Ligand code: HEM
């Protein structure tokens with residue numbers, strides 16, 4: 001390769017390359033199959049979870065910004081952020097197809113090596129839930145206080161959620177958000193607030209900007225529920241009714257998490273039209 005293509009900076013530092021910028025060599029050392037001799041499908045299993053965690057990181061980064069933009073009353077930035085988060089969810093759902101190419105026999109070949117490791121322990125997934133308003137303090141305690149994830153979860157537990165930021169947004173648009181909707185322990189999960197329903201319904205008639213925002217939030221919410229559904233079906237076809245490595249009843253436990261929206265009011269008003 002010619003000097004002109006990748007000139008060294010004059011200050012003596014090394015030129016940034018594709019590999020150095022992305023730390024590719026380091027990245028490729030981060031997959032450590034536990035099976036010995038190595039089972040063919042374990043690499044796929046590890047990589048897919050790592051990729052998920054990276055997307056969770058990007059999603060948290062984006063949803064943090066959505067929260068800020070909503071609180072500040074910035075519609076377009078909020079819509080753009082929600083659209084990106086929704087698009088990431090679609091990618092996460094699509095990745096399940098790859099994992100479903102693994103048969104129950106292939107999964108069973110290395111499953112016992114996972115010991116008690118489970119997606120149930122994904123701290124970033126819980127962070128996403130907290131940020132969206134689905135807060136459960138007991139989830140923090142599942143992460144040892146010696147780990148950075150514990151502090152991140154504790155911080156997010158106490159921070160305002162996207163639902164709080166949505167109320168801020170409505171206030172910037174002259175909507176009088178009832179105090180009963182706002183008045184809750186910040187560490188508790190969002191509960192439906194029927195007192196605001198009439199105003200939300202009226203927005204669909206009179207305030208198209210807010211209607212667009214609510215539709216975008218519903219898109220995201222539906223995307224998350226879709227991910228949960230596809231994950232359960234994948235678990236069912238890979239594990240049947242065996243218990244999970246995390247100690248739950250497996251598919252049965254996961255089925256109990258389905259169809260629970262993070263923005264309940266936006267679903268409850270649907271029959272009011
Ligand atoms: C063959 C593939 C997979 C199987 C068999 C599987 C199985 C399970 C099971 C049985 C649970 C319930 C908790 C337990 O007892 O372990 C669970 C939870 C979970 N899994 Fe998976 N999983 C798979 C792939 C994935 C992937 C690729 C992700 C992406 C990060 C993931 C993320 C999660 C999350 C976030 C939970 C917690 C869900 C909740 O508490 O609502 N799983 N998984």
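Going highest first, how would you order 13-23, 138-148 by mean Cβ packing within 10 Å?
Highest-to-lowest ranking by the protection proxy: 138-148, 13-23.
The C-alpha atoms of the chain define a longest principal axis, and helix 162-172 lies at about 40 degrees to it.
Taking R0 as 35 Å, what's the FRET efficiency between residue 272 and residue 237 from their Cβ-Cβ distance, rounded to 0.05? Efficiency computed from Cβ-Cβ geometry: 0.35. Averaging the Cα positions of each part gives two centres, and for region 132-157 and region 188-223 these lie 28 Å apart.
In a GNM of the chain with a 10 Å cut-off on Cα contacts, which of 219, 151, 11 has the highest mean-square fluctuation? Judging by the Gaussian network model, the answer is 11. Counting other Cβ atoms within 10 Å as a rough exposure proxy, the listed residues 179, 187 run 179, 187 from fewest neighbours to most. One decimal place: the segment residue 91-residue 27 gains 21.0 nm when fully extended, by the rule 0.36 nm per residue minus the C-alpha distance.
Given R0 = 22 Å, the distance between the Cβ atoms of residue 54 and residue 101 translates into a calculated FRET efficiency of 0.55. The angle between the Cα long axis of helix 75-99 and the longest principal axis of the Cα atoms of the chain comes to about 40 degrees, rounded to the nearest 10.
Taking R0 as 45 Å, what's the FRET efficiency between residue 38 and residue 138 from their Cβ-Cβ distance, rounded to 0.05? Calculated value: 0.80. Fully extending the segment from residue 61 to residue 187, taken as 0.36 nm per residue of separation minus the present Cα-Cα distance, adds 43.3 nm. Residues 161, 35, arranged from fewest to most other Cβ atoms within 10 angstrom of their Cβ, appear as 35, 161.
Considering helices alone, the calculated mean residue ellipticity of the chain at 222 nm is -18500 deg cm²/dmol, with DSSP H runs of length four and up weighted by -39500 (n - 2.57) and normalised per residue. Counted residue by residue at 0.36 nm each, then reduced by the alpha carbon distance between them, the extension gain from residue 222 to residue 260 reaches 12.7 nm. Summary of packing: across the peptides 67-77, 87-97, the per-residue average of other C-beta atoms within 10 Å ranks them, highest first, as 67-77, 87-97.
Here, each number is a calculation from the coordinates, and none is a lab measurement. Here the structure is a predicted model, which means the values were calculated and not measured. For neighbour counting, all protein chains shown are included, and Cβ atoms are generated from backbone atoms with ideal geometry for every residue, glycine included.
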